[in-house]
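Here's the structure, in structure tokens; my notes come after.
The values are calculated or read from the model by the stated rules, or taken from the named source; none is laboratory data. This is a predicted model, so every value here is computed, not measured. Counting neighbours? That spans all protein chains shown, and the Cβs are built from the backbone with ideal geometry, glycine included.
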Amino acid sequence: MAGQPDFRLGAPGLRTALGNHGSEDYRVRHYDLELDYKIGPNRLSARAKITAVSTRPLSRVVLDLSGFKISGVSVDGRAARFTRQPGKLAVKPAKAVPAGTEFTVEVRYSGNPRPVDGRWGEIGWDELTDGVLVASQPIGAPSWYPCNDRPSDKATYRVTVTTASPYSVLVTGNLVSRRAGASATTWVFDRPEPTASYLMSVQIGRYEEIALDGTVPQRVAVPGALRAEAARDFRRQPEMMALFERLFGPYPFGEYVVVVTDDELEDPIEAQGMAIFGANHVDGARGFERLVAHELAHQWFGNSLTIAQWRCIWLNEGFATYAEWLWSEESGGPRADELARQWWGRMSERAALKIGDPGESNLFDERVYKRGALALHALRERLGDERFFPMLRSWAVDKRHGTVSTAEFVAHAEEHAGEPLTEFFTAWLGDTQ
């Protein structure tokens, strides 16, 4: 049909990363990061060891890295020459790397980390009033470590952080060890599940922890002054977890950690096995409970299932928004159908936008979130609950820890519907109506 969007991964004109971020010349298997951070002067001294596999012969390896002074680079243990470009570190191995070969790049660097500037504001490593917040979506990862910053290049991680002993460190991973000294403590975390660069995070602050009940380990790290309010606001999170496990399949990670900073944030932020909320999202009256549901749902849709290209972001945000509506339905609030009707009325008053390819400037536009959720509700009405929910669960289970695209979801939905759905999805995602 003329004018239909091309949902295929790799279709002409599509990019898997934003701006000039990322390289398809190699795929990273593992990052080993050692970070020594001084909070007062905001000083980071670090070593990154990156294990990757070349996809073509490489005479140079280009990494994304913003700022920092480079004190040394090696490839497979041999010193390598390097050059800097804005946001890039180009490494020239002593000997070219053949296609299909595993190799390691080690980078030693130091400096004052600061967020990456972009059309979405400042993103990445950010100083708080007393501590650090790292929120890298979508291009902030190079603000603190050299990486291949494209969402489809998922890797495992080991992160070691040394900082002042009075502070707690939380990293998107499983705590392996903690060695406390008189003035500094070293924390070691493993992230065994494949993880996109933008979903890695480090949080440093003076936090107390609240353990939540439930079959999945859950805890909230919060400033002491907000402890009572946070305990009330996140009290129903285990119930959300139970609902989402029933609808989407087993929780995809070992634990779920919520961090509440002492500073205000415009929006909460998801990371792998973690979500970060601002002090302004805690009121003791569950006033932001829909956001609690939204960020938890991202652990399935966005984190375990990671979009292969940013144009497919509705697969993250539309699904997490629809999870809000499902929680509302489950917990005695407005039903999903009622919320869909409300948002259909509001979205009808807004300018048109291609949800399936919103463009970089509109990646986080409210229309992507709400109209994406509306598309899912329309699909639910078309399939009926007896087919829609098994389809949704098998999507999350079958693609667990993988990368996904709109084309794959269309094919998956068609399999469960037993009929072609191209025109349906074109109407909801491709047409500007």
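Annotations
- Within region 294-343, if we keep just the residues that are more than 12 Å from the chain's Cα centre (by Cα) and polar (S, T, N, Q), the residue that is modelled with the lowest pLDDT turns out to be GLN309.
- On the stretch given as region 318-350, residues that are more than 19 Å from GLU239 (Cα to Cα), in contact (Cβ under 8 Å) with a residue 40 or more places away in the chain and buried (at least 16 other Cβ atoms within 10 Å of the Cβ) total 1.
- Of all positions in region 328-338, none carries a residue that is aliphatic (A, V, I, L, M), out of contact with any Cys (no Cβ under 6 Å at 6 or more places or on another chain) and farther than 24 Å from PRO268 by Cα.
- When ALA378, ALA407 are checked against the criterion of being under 14 Å from ILE313 (Cα atoms) and outside the structural domain of PRO192 (by TED's automatic domain parsing), a single residue qualifies: ALA407.
- Boolean, GLU270 is outside the structural domain of SER45 (by TED's automatic domain parsing), assigned to a strand (DSSP E or B) and either at pLDDT below 95 or acidic (Asp, Glu) (or both): yes
- Residues that are over 16 Å from THR321 (Cβ atoms) and either assigned to a loop (DSSP other than H, G, I, E, B) or not assigned by TED's automatic domain parsing to the domain that holds THR321 (or both) were ranked within region 344-360; the one that is farthest from the chain's Cα centre (by Cα) is GLU349.
- Subset of region 393-433 (residues that are of a type in the set (A, V, I, L, M, F, W, C) and within 20 Å of the chain's Cα centre (by Cα)): TRP395, ALA396, VAL397, VAL404, PHE409
- Condition check for GLY372: surrounded by fewer than 17 Cβ atoms within 10 Å (Cβ to Cβ), closer than 24 Å to GLU423 by Cα, within 22 Å of the chain's Cα centre (by Cα) and of a type outside the set (S, T, N, Q): no
- Residues in region 365-372 include none that are outside any helix (DSSP H, G or I), more than 26 Å from GLU193 (Cα to Cα) and either among the hydroxyl-bearing types (Ser, Thr, Tyr) or touching a helix residue (DSSP H, G or I) at 6+ places or on another chain (Cβ under 9 Å) (or both).
- Search result, residues across region 227-246 that are crowded, with 16+ Cβ neighbours inside 10 Å, part of a helix (DSSP H, G or I) and out of contact with any Gly (no Cβ under 9 Å at 6 or more places or on another chain): ARG227, MET240, LEU243, PHE244, GLU245
- Residue that is buried (at least 21 other Cβ atoms within 10 Å of the Cβ) and out of contact with any His (no Cβ under 9 Å at 6 or more places or on another chain), where the choices are LEU363, LEU379, LEU353: LEU379
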